[in-house]
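The values are calculated or read from the model by the stated rules, or taken from the named source; none is laboratory data. Nothing here was measured: the structure is a model prediction, and the numbers come from that model. Positions of Cβ are generated from backbone atoms using ideal geometry, with glycine treated the same way; all protein chains shown enter the neighbour counts.
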Amino acid sequence: MKFITIYVTHKNKEEAKKIINTLLKNKSIACVNYFPINVAYHWKWEIVNDDEIVSLLKTRIDNWEKVKEYIEKNHWYDVPCILKTEVEGNEEYVKWIYDVTK
């Protein structure tokens, strides 16, 4: 069975939780994992080195557009990183994802 994971970077955990809690409350995602990361990137002609939080969201395949659009509208960054990966999982886990999301 298949579902999607959505990888999103955030400036800190508090900003991540603002977005993620709404997605959990409206049942757009089943769950999330948070990871602290170090990042280096080009921005406005400079190289930036910083700390960020990655959230890894899990949801049904057909929720991609609404989750992506919500994050784009509510994210702190001008250009947020929102990446989708279609994955397969054990039947019980994927069934749970589909049961708790709408």
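Structure notes:
- The range 43-67, residues that are within 24 Å of Lys95 (Cα to Cα) and either in a strand (DSSP E or B) or touching a Ser or Thr at 6+ places or on another chain (Cβ under 9 Å) (or both): Ser55, Leu56, Leu57, Lys58, Thr59, Arg60, Asn63, Lys66, Val67
- Filtered residues of the range 81-102 (kept if surrounded by 12 or more Cβ atoms within 10 Å (Cβ to Cβ) and either of a type outside the set (A, V, I, L, M) or at pLDDT below 95 (or both)): Cys81, Lys84, Gly89, Tyr93, Lys95, Trp96, Tyr98, Thr101
- Pairing residues of the range 88-100 that are closer than 13 Å to Ile4 by Cα with residues that are charged (D, E, K, R) and at pLDDT 95 or above, at Cβ distances under 8 Å and at least 6 apart in sequence or on separate chains, gives Glu88/Lys2; Gly89/Lys2; Val94/Lys2; Val94/Glu88; Ile97/Lys58; Ile97/Arg60; Tyr98/Arg60.
- Here Asp78 qualifies as charged (D, E, K, R), modelled with pLDDT under 95, more than 20 Å from Tyr98 (Cβ to Cβ) and surrounded by fewer than 16 Cβ atoms within 10 Å (Cβ to Cβ).
- Condition check for Tyr70 on (1) in a helix (DSSP H, G or I); (2) hydroxyl-bearing (Ser, Thr, Tyr); (3) in contact with a Cys (Cβ under 8 Å, 6 or more places away or on another chain): one failure, at (3).
- If you go through the range 4-33 and pick out every residue that is assigned to a helix (DSSP H, G or I) and β-branched (Val, Ile, Thr), you end up with 3.
- Every listed requirement among (1) under 17 Å from the mean Cα position of the chain (by Cα); (2) charged (D, E, K, R); (3) over 20 Å from Asn21 (Cβ atoms) is met by Lys68 save one, (3).
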